[in-house]
1. Conditions: (1) under 15 Å from residue B:316 (Cα atoms); (2) touching a residue at least 60 places away in the same chain (Cβ under 8 Å). Residue A:81 meets all but one. Number of the miss?
2. Can you tell me which residue within the range B:327-348, out of those that are surrounded by fewer than 22 Cβ atoms within 10 Å (Cβ to Cβ) and over 30 Å from residue A:80 (Cα atoms), is farthest from the chain's Cα centre (by Cα)?
3. Tally time: how many residues in the range A:86-100 are out of contact with any Leu (no Cβ under 6 Å at 6 or more places or on another chain) and either charged (D, E, K, R) or surrounded by 22 or more Cβ atoms within 10 Å (Cβ to Cβ) (or both)?
4. Looking at the range A:238-265, which of its residues are assigned to a loop (DSSP other than H, G, I, E, B) and either open to solvent by 30 Å² or more (accessible area, probe 1.4 Å) or farther than 23 Å from residue A:20 by Cα (or both)?
5. Scan the range A:182-204 for residues that are within 20 Å of residue A:127 (Cβ to Cβ) and out of contact with any Asp or Glu (no Cβ under 6 Å at 6 or more places or on another chain) and report the count.
6. Check the range A:243-257 and report whether any residue there is touching a residue at least 40 places away in the same chain (Cβ under 8 Å) and within 11 Å of chain B (Cβ to nearest Cβ).
7. When you look at residue B:124, is it in contact with a strand residue (DSSP E or B) (Cβ under 6 Å, 6 or more places away or on another chain) and within 24 Å of residue B:55 (Cβ to Cβ), yes or no?
8. Looking at residue B:80 and the list (1) open to solvent by less than 20 Å² (accessible area, probe 1.4 Å); (2) at negative phi, which single condition is not satisfied?
Protein chains: 2
Amino acid sequence: MSTSFTLHATDGAARTGVISTPRGDIRTPAFMPVGTAGTVKAMLPESVRDTGADILLGNTYHLMLRPTAERVDRLGGLHRFMNWDRPILTDSGGFQVMSLAALRKLTEKGVTFKSHIDGSKHEITPERSMEIQRLLGSDIVMCFDECPALPATEDEVAKSMRLSMRWAERSKVAFGDRPGHMLFGIQQGGVTQDLRAESAKALTGIGFDGYAIGGLAVGEGQEAMFGVLDYAPDMLPKDRPRYLMGVGKPDDIVGAVKRGVDMMDCVLPSRSGRTGQAFTRHGVVNIKNARHQDDPRPLDEACSCPACSSYSRAYLHHVFRSQEMISGMLLTWHNLRYYQDIMQGMRNAIAAGTFDAWEAAFHADRAEGDIPPL
Amino acid sequence: MSTSFTLHATDGAARTGVISTPRGDIRTPAFMPVGTAGTVKAMLPESVRDTGADILLGNTYHLMLRPTAERVDRLGGLHRFMNWDRPILTDSGGFQVMSLAALRKLTEKGVTFKSHIDGSKHEITPERSMEIQRLLGSDIVMCFDECPALPATEDEVAKSMRLSMRWAERSKVAFGDRPGHMLFGIQQGGVTQDLRAESAKALTGIGFDGYAIGGLAVGEGQEAMFGVLDYAPDMLPKDRPRYLMGVGKPDDIVGAVKRGVDMMDCVLPSRSGRTGQAFTRHGVVNIKNARHQDDPRPLDEACSCPACSSYSRAYLHHVFRSQEMISGMLLTWHNLRYYQDIMQGMRNAIAAGTFDAWEAAFHADRAEGDIPPL
């Protein structure tokens, strides 16, 4: 069985469609919760599915170090290991090596580094990244690329992008022909339009099943990111999914979809859930704030997640202050549901040709701010 | 609506029956998971129910300090607060004051202490304990008692027991007449048969809806505990439930039921779940042990909990080693399910008059030990 991407509707630059894979359909625009080490933190996989997620992201860097790709393979692959039978996208390991590992050494061949867990030495090359992602059983495989550390000069960004393009070609060769699996190229080039164009041209010349926009959400700010998204998606083939890596806050996601992005991932909803931050229609609610301690109202009365349908703000405040695990469990569930609700709202609006009105309502709701204290 | 206790069958000293309350039936012998601060740690309440629990225990000491009984009352009571609509038993606060609080001062009137959370000063008397448990909305209220710190001389135990009996009388007066709610007296007297008899006589003279056996599982060892249980339950009215507080390991529980106990509670299954210890038919499995890292088999192939039906030992090992929350979530679920499976097994066996055979099989399974490594 093979894979496909079907565009169902567009509204301005925004698009909605479906990526079909043997493991199930991915409705786009799609938000992918991050299951770094074989688990979306604080969630059971059936609960992640219940929030509306069609696909998860797994981190190659973490999984190659522990439990190792070879072990996951022996145990039947990542889907079986973590009890998630729907599509999984794995990153290439490149970004996390740069942000987490020690003693990194970059060459034309690849990168060597020491594990942040036990100090053991490892190497990732484009070929090894493809092998790891194959052992994991990933449905959507990412090319191995390099992400230059910021701040970087335009020269450094150009040099890094060109290395990533050579690695993209090696990734494509190493990936080979794997029906039912997709390989995505990753556009680099920082915030420089010419470099983005050069990168897009290199990638489309090689030919991929989908195209990611990499090197954003690394501290450049929303304005600069949207500046790139005003032109970058259009450089990529219309008939392939476009994936913006590592984004973002709710308004980042809406702005990216508006500009033609089809897929995104971010740790923000799950990480924030564990630190007492809830994303709601009316903005961020910090549940640790004392204003909630006597508040019998739900976090968001319009949300149907377990946190909102069965618990008061006072309870959520209490369990956060008491450092109870149920705090992270409930707030993560809520945040992931909120993110998926945004995605569903956008998919519906794009299909109906009412994206602008939906976006205006989204911003108006946020501008209102949280409900007043009692 | 009122409450009742109906004995359905006995087998030797072991009993099975039902405690009926307006919030639902409690099948006995019953194991009560501990929801200390308004949550059974690492579990959603619907998952606790799914394990087979009919009733939870809440800790008066913790809840009076945070979020406070008055706040829980304003928010609609503990059931609504924590989203558990079935029966809740609350302890009196006495035991935890002795084990957790600082600067305790004990008088005839009650006990004053400093909170272990913020150092604030508090007092619990029998009257205040009844008030707190009423504010929480507890279905089964425990008399306020004193637990002497071990080691204690027989004289100290006797003195403490007699104080607890005077407090039991004050608790009964303060509790008043509350249809639909039950008040349990607590037998004390350490490991001394005469003192246990004196305590039982005092309590039955006052008259309670149920009787707890207190002052055990405090370090005296299983043999000494069973020694007391060989006579203590018989000192208490046959037509009232008997509750052994703070017990225990699986074999403690089986031994207690065999000796006529109807109810128990313990943090062990949930606490062990968070530290990587799983209770199984074949004994304790330490999931952090390296022998599990490549083991594709479930923790216990006969268990139908999510941990056993959807995950390998290798996965449970991986998420424990990676300090992922799902480790505590899955192992707690398994342990609570295992405890409830034991209870259901005993209830069935007592009803069928086959308790001895059931107990022999229970011990034979444990003696086998864990499945051999692959």
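1. Of everything listed in (1) under 15 Å from residue B:316 (Cα atoms); (2) touching a residue at least 60 places away in the same chain (Cβ under 8 Å), residue A:81 misses just condition (2).
2. That would be B:348.
3. Total meeting the criteria: 8.
4. Selection gives A:238, A:239, A:240, A:245, A:246, A:248, A:249, A:259.
5. Residues in the range A:182-204 being within 20 Å of residue A:127 (Cβ to Cβ) and out of contact with any Asp or Glu (no Cβ under 6 Å at 6 or more places or on another chain): 5 in total.
6. Among the residues of the range A:243-257, not one is touching a residue at least 40 places away in the same chain (Cβ under 8 Å) and within 11 Å of chain B (Cβ to nearest Cβ), which makes the answer no.
7. yes
8. Residue B:80 satisfies every listed condition except (1).
The values are calculated or read from the model by the stated rules, or taken from the named source; none is laboratory data. Predicted model only: the values in this text are computed from it and were never measured. Because the Cβ atoms are built from the backbone with ideal geometry, glycine has one as well, and the counts that use them run over all protein chains shown. Side chains are part of the model used for accessible areas, which takes the heavy atoms of the whole protein and leaves out ligands, DNA and RNA. Shrake-Rupley method; radii C 1.70, N 1.55, O 1.52, S 1.80 Å.
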